[in-house]
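Written below as structure tokens is the structure these notes are about.
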Amino acid sequence: MKVRIFPVAAAPARKLSEELAELRDRAGERKVTLREVIYTLGGRAYILLVLLLALPFITPIPLPGLSVPFGLAIALIALRLSLGQRPWLSKNLQRKELPAGFLRKLFAVAEKVLRFLEKFLRPRLTFLTDTPFLRQLHALLMLIAALALLLPLPIPFTNSFPAWSILLLAAGLLERDGGFILTGYIVFVLGVLYFVFLGEAAAHLVQELIHWFRK
């Protein structure tokens, strides 16, 4: 199966929610492998897969057990894209099974999110999505955000900031929407500031504990 690295502007494309709904219907309540997801999504498979894997983390509550495998898959795809190479996942990751009924639970949220986003998604500022160097730069940002997902921190919003960045960047690349790309960068910066705040708060807490023990 031939898979394009990035969407081609002239190629007709269905709405994101329609493509993912097809995957949901095919999956039903059985277990599904990432390989099946890639096959079903076809020409835009890897970017759509990145979007799909980021969706479970947009909620404020961290999801233990999923952030590492999903973050790793996103990171590997984004790494290849950032190098201008064809996306690729190892056979072990392609055989990774999503739990039975997982897609239906995911789509309960995903379809609402995507239908909301589709009200605003449209081709604009297309130089941000059609320039090869900038596409690789966006993929590099997704890679960094995916590495943040790999951190299993039991702290609210530590997954949601990088997940929203990935989601917005992937949607922007798929629909050639530079506005979504810019919003993805803004969310990424806000996430960095949030992590800095957490680091400073943790450092302050440690200092207070040291001071308290020395009394």
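Read-outs throughout are calculated quantities, based only on the coordinates presented, and are distinct from any laboratory measurement. Owing to the predicted nature of the structure, the values given are computational and were not obtained by experimental measurement. Neighbour counts are summed over all protein chains in view; Cβ atoms, including those assigned to glycine, are modelled from backbone coordinates with ideal geometry.
Do any helices (runs of 4 or more DSSP H) lying entirely in the range 122-215 carry at least 3 residues that are buried (at least 22 other Cβ atoms within 10 Å of the Cβ) and in contact with a helix residue (DSSP H, G or I) (Cβ under 7 Å, 6 or more places away or on another chain), and which ones are they? Step through it out loud before you land on a result.
Values: elements: 127-130, 132-149, 160-175, 178-214.
So the answer is 132-149, 160-175, 178-214.
Of the residues GLN136, GLN207, the single one that is among the polar types (S, T, N, Q) and touching a residue at least 40 places away in the same chain (Cβ under 8 Å) is GLN136.
Could you check, for the range 185-197, whether at least one of its residues is closer than 17 Å to THR59 by Cβ and in contact with a Gly (Cβ under 6 Å, 6 or more places away or on another chain)? Within the range 185-197, not a single residue is closer than 17 Å to THR59 by Cβ and in contact with a Gly (Cβ under 6 Å, 6 or more places away or on another chain).
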